[in-house]
């Protein structure tokens, strides 16, 4: 009251002229309190404050912490467990480039029961928009672009929480809920940060101590990523990601330098301080209580380049119930037509592979570098061509291309052909009108003949009866020798007497004098298939390695003239010059693949004490390594041989496969060198040389210990299997029983080993087929193992496999398996089973399919004429693949379905019926069994009580134009649901259709499948298409407009078919 009275008196005195204005200001200052922030470290410090309060102070760290929390909420979403209100954000972005302008607006809100995200994207005046709403068990999508404009509302079978989790895990690019962002990641290293000095305080190790002392606890990786991508690359619709922008706010570098009031509160301004960022200026918006509302980042050099994020605390997240319900977008893919997965994408019925370009563009010789062929790209507006093809067709705006017809300039006219639709019979303009008839009667297009690939099953379309390529030799001189030419090289004067000691003779017509004075003589035609490769010198650069590292390769003092030259004389005599190659070196070998240079490096170490040479290289996995493999570094260290002789130019490397002469050059000054090798045929080995290498004591015999000692030189050691293999081989070929192999026996072993390698499998040529009387040497009507062994060994010898014995072909195991009563003898029945097993197992003409009667007798352990599940289990448990309890239960249930007389077992007829139907179901084969995989566009499951399988006759080339007659069969999924493939197979014994809930989710989801048995299906008419129908929506799943979200759906679904085949096929 006193202050008000003083002000009134001051006003009266001023009007009376008793006071001047300066006097008035002094009176007011003395009279009024100035309320504000008196903390000099605050952003809004008031210098002449008379009534200071900390509640009015705003510090830089508090604002930046609020922005970090806001960004974390944007990127990771709110905590759904504690969310009790509506939260969200809006993002608005504007960017201009020389050729394009972009505006983007996104609004995302989330409540405890709903989610809504709306996006509008405008590029050069063309706008596309989309919206997704998830509310309870409903989901609503809106799409509007140049080709689509629809809104669709659907119900799913999940809870709101499950639906949100599915959406976020399905879409890594979704902003709220993304798990792969840098900021806020639980895996980030955290640091303590001092906002006043913008320094990281590494002496603080925990959040509590850091924040307790007034500092910020922030992720060390907060802020922009290292790779500042050009924002101009984001020119295509749908590629805006908030993470591309939030990364430029880094609390460790941002500074705030001023503030001013605005219509909603205050705006604090500052700088981002990020090098090469598209934005530099920062504004943080707060209300009057300094609560952060959002922030703006701007480009100071271009006013139309900016992005703004604002918090949202209200919004409607419910769907529009005036929009009619649609079924979720699902399709049933017929895997019965997908084969075994061999054809892959675009494989037509005639075996031709087609690559689709849906909505794409192809042009004959469109790319200047693609000579005499088609060039294709995904869209005609694309600047770069994607690929080239020999043959392309155009159908309803989509291109389909293949290389399976060979190369022909006639294919320039292939665009109007119909091979893709109708298959190829040689009758269009794209190729030859005549067919080639294979020797077996099959026909193929003439374009496929002599194309390098055998298209006829008998290979009769591939031959080359032309003369081949002409081959010439060049000589220094040729002289006339009574009607022929004698030609020679100057170096063929070996004794330097002026007369050549070797010459080649030719007819006059075969030689001609070249302009350079040399003679060119025709020697014949080269058969490319059998052309002998010319041996050349191959050089590999290396540098020495020591404790100081390794130097850069320098070829200055090295002579590389030998590299690439043809080897004319491989004989090398070692001299007494010193061996100078470094004991530790790094080599690099480079070659060209296409237009790229590919290089491989390795390290070589020479152990002077043991003469062993070791090499370390990078291998992708341990299977490519014959030595010690380090899983952490993927490095493989292998023994490559022992150096047995060496001088200043070469060394002899002895290894498991023989010996290799390696030449080298090494310059000590540059520490650089060349390894020079001669490429030769690995199969060309000298058995005598190998024998001498193995014969360690040079006594003329190789025993198992000597062989093992040599193998241990590799450093890998001999395994028990290796040792037993050596013992077996020596015993097999040791004709004089000396416990070792002499040279003749060793050569015999090596030749027989080659024969076995050439035969793929010796067992394909041997089969045991003997009567019991042949083997029952003591006439007791029983065959012991000793008798069986003698019988098999005699049979092996008669068939040319004398180097093998009964143990080698598994006779002991077969004997034990067939000795069903365990008396260590085979009766006539057991012998016949073994005879059938051995004769069948090695019969190459029988495709390894055992005779059903033999199998039945083998399984019928007690010989009562019936096979029970227990007998089957006993037989399986006697092999190396015992039956599990789960498998036994399944087998028992399956067999019960075929036990027509309820005898507890299957007689032979029941057994045959059982095996036949099991084979049909396992293959998914024949026209009776149809299998359909469920594939959905969205990640949400559908209510199986609501959805039905319906069968109908339909026409159309794609899902978007399909037209169907009334359904001839309909059944709810809940009525035919089983939880496993095993249960499905059992159900198919009595049911015509089953739905397999593969993931046991209780809902219809991608990866589930439907099985239909046409033979027992009671439909009201014919059908060719299986559909899914929602009773509540009154609509089919394939009618949902969201099916168009999959461009090239037909081609894409073929890939899904491969997945489906893997899901349902069981061994």
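The values are calculated or read from the model by the stated rules, or taken from the named source; none is laboratory data. The model shown is predicted, which means the values in this text are computed figures rather than measured ones. Backbone-built Cβ (ideal geometry, glycine too); neighbour counts: all protein chains shown.
A few comments on the model shown:
- Whichever residue in region 148-161 is out of contact with any helix residue (DSSP H, G or I) (no Cβ under 8 Å at 6 or more places or on another chain) and in contact (Cβ under 8 Å) with a residue 60 or more places away in the chain and, among such residues, is farthest from residue 316 (Cα to Cα): 157
- Residue that is in contact with a helix residue (DSSP H, G or I) (Cβ under 6 Å, 6 or more places away or on another chain), buried (at least 17 other Cβ atoms within 10 Å of the Cβ), modelled with pLDDT of 80 or more and under 30 Å from residue 329 (Cβ atoms), where the choices are 993, 944: 944
- Elements of the type strands (runs of 3 or more DSSP E) sitting completely within region 571-670 and holding at least 3 residues that are loosely packed, with under 15 Cβ neighbours inside 10 Å and modelled with pLDDT under 90: these cover 584-593, 596-607.
- Out of 998, 1044, 974, sole residue that is over 19 Å from residue 954 (Cα atoms) and either under 27 Å from the mean Cα position of the chain (by Cα) or modelled with pLDDT under 85 (or both): 998
- Pairs where the first residue, in region 1016-1039, is on the phi > 0 side of the Ramachandran plot and the second is assigned to a strand (DSSP E or B), C-beta under 8 Å, 6+ apart: 1034/325
- Test: residue 95 is touching a helix residue (DSSP H, G or I) at 6+ places or on another chain (Cβ under 7 Å), surrounded by 16 or more Cβ atoms within 10 Å (Cβ to Cβ) and over 28 Å from residue 161 (Cβ atoms): yes
- Assessment of region 324-340 against the conditions (surrounded by fewer than 19 Cβ atoms within 10 Å (Cβ to Cβ), in a loop (DSSP other than H, G, I, E, B) and either modelled with pLDDT of 85 or more or assigned by TED's automatic domain parsing to the domain that holds residue 153 (or both)) yields at least one matching residue.
Yes/no per residue for (1) crowded, with 18+ Cβ neighbours inside 10 Å; (2) out of contact with any helix residue (DSSP H, G or I) (no Cβ under 9 Å at 6 or more places or on another chain); (3) modelled with pLDDT of 85 or more; (4) in a helix (DSSP H, G or I):
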position	(1), (2), (3), (4)
673	yes, yes, yes, no
677	no, yes, no, no
685	no, no, no, no
688	no, no, no, yes
714	yes, yes, no, no
723	no, no, no, yes
750	no, no, no, yes
757	no, yes, no, yes
773	no, yes, yes, yes
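- Residue in region 68-88 that is in contact with a strand residue (DSSP E or B) (Cβ under 9 Å, 6 or more places away or on another chain), surrounded by 16 or more Cβ atoms within 10 Å (Cβ to Cβ) and assigned to a strand (DSSP E or B) present: yes
- Boolean, residue 1019 is over 32 Å from the mean Cα position of the chain (by Cα), modelled with pLDDT of 85 or more and buried (at least 18 other Cβ atoms within 10 Å of the Cβ): no
- Selection count, region 89-101, where residues are under 19 Å from residue 279 (Cα atoms) and assigned to a strand (DSSP E or B): 8
- Where residue 500 falls short, out of the listed (1) at pLDDT 75 or above; (2) over 30 Å from residue 380 (Cα atoms); (3) outside the structural domain of residue 518 (by TED's automatic domain parsing): (3)
- Test: residue in region 41-54 that is modelled with pLDDT of 80 or more, outside the structural domain of residue 161 (by TED's automatic domain parsing), within 56 Å of the chain's Cα centre (by Cα) and surrounded by fewer than 19 Cβ atoms within 10 Å (Cβ to Cβ): yes
- Test: residue in region 51-60 that is in a strand (DSSP E or B), in contact with a strand residue (DSSP E or B) (Cβ under 9 Å, 6 or more places away or on another chain) and within 21 Å of residue 259 (Cβ to Cβ): yes
- Residue 106 meets each of the listed conditions (1) under 37 Å from the mean Cα position of the chain (by Cα); (2) more than 16 Å from residue 133 (Cα to Cα) apart from (2).
- Listing of strands (runs of 3 or more DSSP E) fully contained in region 386-486 that carry 1 or more residues being modelled with pLDDT of 75 or more: 387-389, 391-395, 398-402, 443-445, 469-475, 477-480
- Leading residue by the ranking (farthest from residue 304 (Cα to Cα)) among those in region 96-116 that are touching a strand residue (DSSP E or B) at 6+ places or on another chain (Cβ under 8 Å) and free of Cβ contacts under 8 Å to residues at least 40 places away in the same chain: 105
Residues checked against (1) in contact with a helix residue (DSSP H, G or I) (Cβ under 9 Å, 6 or more places away or on another chain); (2) crowded, with 17+ Cβ neighbours inside 10 Å; (3) modelled with pLDDT of 75 or more:
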{"site": "804", "(1), (2), (3)": "yes, yes, no"}
{"site": "812", "(1), (2), (3)": "yes, no, yes"}
{"site": "823", "(1), (2), (3)": "no, no, yes"}
{"site": "841", "(1), (2), (3)": "yes, no, no"}
{"site": "845", "(1), (2), (3)": "no, no, no"}
{"site": "856", "(1), (2), (3)": "yes, yes, yes"}
{"site": "861", "(1), (2), (3)": "yes, yes, yes"}
{"site": "865", "(1), (2), (3)": "yes, no, yes"}
